[in-house]
Amino acid sequence: MSAASAKPEEQETPPRNPYLEPRRPLGPRDPGDAWVEGEHGRFWGRFGSAGLLVHDAAKGVLLQHRATWSDQGGTWGLPGGALHQGEDAVNGALREANEEAAVPPESVRVLFTSVFDVGYWSYTTVAAQVVEPFEPAISDPESLELQWVSLEGVGDKELHPGFAAAWPALRRRLQAPREGDRRDSDGAGTSGTSGK
C-alpha cells in the first residue's frame, strides 16, 4: 500500500464542555433558551428570565460585566438568565447566579422580588442578602468580570438598560428598614419576626 493511499489515523476528539463556550452562538441548551418577540420588543427566555441582586452589607452589590457576545454585551448587570420550563423565578435566579458567578444558594436569604412584565415575557429580579460571606467566581463564559460595588457606586457603571431603569427602585427597597431590623427608642432590637 502506498503512502498516498493510506488512510489517516482517526483521532478521538475530546468531548466538548458547553460551559467553556458561549451558549447563544451555539444554539439553545434548554427549551427556555430562546428569544421571544412581540409588540414591546425581543427578549431572552421563552419562559421568562430572572436575575439575582445579591447584597452584602460589607461589600455592596454583586455585579456582572456581561460578555460582549451577549445581548447588551459590555454592560453591567446581575447574574441571571432564562428560566427553565416549570421553574419559578426564585429558583431560576439562584440557579443562574450559581452557574454564572458561583453564588452558593445557601449563603443568601431572599428578601423580595420585583417583576417587569410586558405580557408575553417577564423578568424577575430576586433580591437577596448575604448571610454567609463568599467570593464569587466566573464559572461560565457569560461574564467578563464580577465585582462587588457599593450602593452609591452602582450608578457609575455602564449598566444594562433594563437594570439601569430598575435600579433606583431596587436600591430604595434594599435600603428600606425591614421588620427584624427595626430598633425601639432605647436601641434594643424588637422581638417581631416575619413569617418568612
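The values are calculated or read from the model by the stated rules, or taken from the named source; none is laboratory data. Keep in mind it's a predicted model, so treat the numbers as computed, not measured. Quick reminder, even Gly has a Cβ in these numbers, built from the backbone with ideal geometry, and neighbours come from all protein chains shown. When the accessible area is computed, the model is the full protein with side chains, heavy atoms only, and any ligands, DNA or RNA have been set aside. Shrake-Rupley method; radii C 1.70, N 1.55, O 1.52, S 1.80 Å.
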Expressed per residue, the solvent accessible area of segment 15-157 in Å² (1.4 Å probe) is about 47 Å²
Of all C-alpha pairs within segment 30-162, those more than 25 angstrom apart amount in percent to 19 percent
Once all protein chains are kept in place, residue 160 shows an accessible area at probe 1.4 Å, nearest 10 Å², of 50 Å²
Residues other than residue 77 with Cβ under 14 Å of its Cβ, Lys/Arg counted +1 and Asp/Glu -1, net out at -4
Excluding ligands, DNA and RNA, the carbon-plus-sulfur percentage of the accessible area of segment 25-74 with a 1.4 Å probe reads 48 percent
If amide H atoms are modeled at 1.01 Å from N in the peptide plane, then the residues at a separation of 5 or more from residue 139, or on another chain, having amide H under 5 Å from its own are 101, 102
In Å³ per residue, the alpha-carbon convex hull of segment 129-172 encloses 106 Å³
In order over segment 41-49: 3J(HN,Hα) from phi, Karplus 6.51/-1.76/1.60, θ = phi - 60°, whole Hz, x for each Gly or Pro, gives x, 10, 9, 8, x, 4, 10, x, 9
So residue 147 and residue 102, fully extended at 0.36 nm per residue minus their Cα-Cα distance, gain in nm 14.9 nm
With every protein chain kept in place and a 1.4 Å probe, the residues 130, 54 fall, from largest accessible area down, as 130, 54
